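Taken together, the values in this text are just the output of simple stated rules run on the coordinates, not laboratory data. No experiment lies behind these values; they were computed from the predicted model shown. In this analysis, Cβ positions are derived from the backbone assuming ideal geometry, glycine residues included, and neighbour counts consider all displayed protein chains.
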Amino acid sequence: MNTATVSMRIPGKLAEKLELYAKGHDRTKSYIIKKALENYLDEYLPHIPNEKTAKVIRDALSGKGMETSTYSSAEEMFKDLGL
């Protein structure tokens with residue numbers, strides 16, 4: 001499985017809640033964040049108003065078309081999509 005590292009800052013109270021939830025469910029914080037992000041994207045990705053943007057993101061998430069991509073970076077792709 002191909003993985004990427006993502007760093008982010010969250011408010012202290014949210015970090016405390018995450019820690020408590022992870023410990024209470026015997027899971028890592030990374031696992032909880034990954035599942036939350038998956039659920040969020042599953043719910044909201046279909047509602048992206050720009051179909052070109054939605055298609056590129058869906059393809060990127062599924063790995064389709066990446067071998068023929070003309071983009072050298074995600075930043076370049078998002079810039080082209082106006083994001």
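Points worth noting:
- The range 8-22 residues that are in contact (Cβ under 8 Å) with a residue 24 or more places away in the chain, paired with ones that are of a type outside the set (Gly, Ala, Ser) and surrounded by 10 or more Cβ atoms within 10 Å (Cβ to Cβ) (beta carbon under 8 Å, 6 or more apart): none
- For the range 1-24, the set of residues classified as in a loop (DSSP other than H, G, I, E, B) and loosely packed, with under 10 Cβ neighbours inside 10 Å consists of 1, 2, 3, 4, 5, 6, 7, 8, 9, 11, listed by residue number.
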